[in-house]
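What follows is one structure encoded as structure tokens, with my remarks underneath.
The values are calculated or read from the model by the stated rules, or taken from the named source; none is laboratory data. Since we're looking at a predicted model, the values are computed, not measured. When we count neighbours, we look across all protein chains shown, and the Cβ atoms used for this are built from the backbone with ideal geometry, even at glycine. We work out accessible area using only protein heavy atoms, side chains counted, and drop any ligands, DNA or RNA first. Shrake-Rupley method; radii C 1.70, N 1.55, O 1.52, S 1.80 Å.
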Amino acid sequence: YAPFCKHLFLTNDFTNARLNVLPITRENEHCIRTKYEARTENELPVLTRFFDKKLLEKSAGGEGAEKEDVFPVAKYLDLILYSREQIEKENAAMGKESSHGGKEAAPWGIVSIKAQDVDFELPMTPMTAMRNALGKDEGGSGVPLDRGAYMAACDYWKDHATVN
């Protein structure tokens, strides 16, 4: 994705972190919803598509359904790291104070942890790629849109959705 971003994959044999990305099937597609959402008050809202968690639980059989049947425990955790320099640049662009308060900071910071079943990077959602391309002032990273990566993301996400 970018030189300031690294992924660290851990085998998930120590948490009950559940998958939050599921394949879209005939049985669950009626649980998909959309909304305009911003991760912070300074970001531009973008259209997101997701499974409604409560609807998934209800449609899976309600009382008799096991949580593991609807939301399996993830096999891996993907720790997404940004360089300290990138974190500081994005914080400054959004009007946030230094994240380390003037003290010596680690060279890398965790910006996200994703529970998943594969030990490789899943494509970011197409809307995340577009938001990132908007620039730091709008909540993105300032990385230009890569058409090939964007098309691969569209190919993956046409058959998958996150769970909210």
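Things worth noting here:
- Residues in segment 30-43 that are surrounded by 11 or more Cβ atoms within 10 Å (Cβ to Cβ), within 16 Å of the chain's Cα centre (by Cα), modelled with pLDDT under 85 and not acidic (D, E): R39 alone.
- Inter-residue pairs, beta-carbon under 9 Å, first within 21 Å of G109 (Cα to Cα) and in segment 7-19, second acidic (D, E) and assigned to a strand (DSSP E or B), 6+ apart: H7/D78; L8/D78; F9/D78; L10/D78
- Filtered residue count, segment 1-18, keeping only those that are modelled with pLDDT of 95 or more and either closer than 29 Å to E138 by Cα or of a type in the set (F, W, Y) (or both): 5
- Restricting attention to segment 44-58, the residues that are of a type in the set (A, V, I, L, M) and either over 17 Å from the mean Cα position of the chain (by Cα) or at pLDDT 95 or above (or both) add up to 2.
- Some residue of segment 44-65 being open to solvent by 60 Å² or more (accessible area, probe 1.4 Å), of a type in the set (D, E, K, R) and in a loop (DSSP other than H, G, I, E, B): no
- Positions within segment 112-164 being aliphatic (A, V, I, L, M), more than 26 Å from E85 (Cα to Cα) and open to solvent by 60 Å² or more (accessible area, probe 1.4 Å), in sequence order: M151
- Residue in segment 75-88 that is out of contact with any Ser or Thr (no Cβ under 9 Å at 6 or more places or on another chain) and closer than 13 Å to V163 by Cβ present: no
- The residues of segment 129-148 that are touching a residue at least 24 places away in the same chain (Cβ under 8 Å) and part of a helix (DSSP H, G or I), listed by number, are A129, M130, R131, L134, K136, D137, E138.
- Of all residues making up segment 97-111, the number that are open to solvent by 40 Å² or more (accessible area, probe 1.4 Å), without any contact (Cβ under 8 Å) to a residue 24 or more places away in the chain and either in contact with an Asp or Glu (Cβ under 8 Å, 6 or more places away or on another chain) or among the aliphatic types (A, V, I, L, M) (or both): 3
- Test: residue in segment 90-105 that is within 16 Å of K6 (Cα to Cα) and of a type in the set (A, V, I, L, M): no
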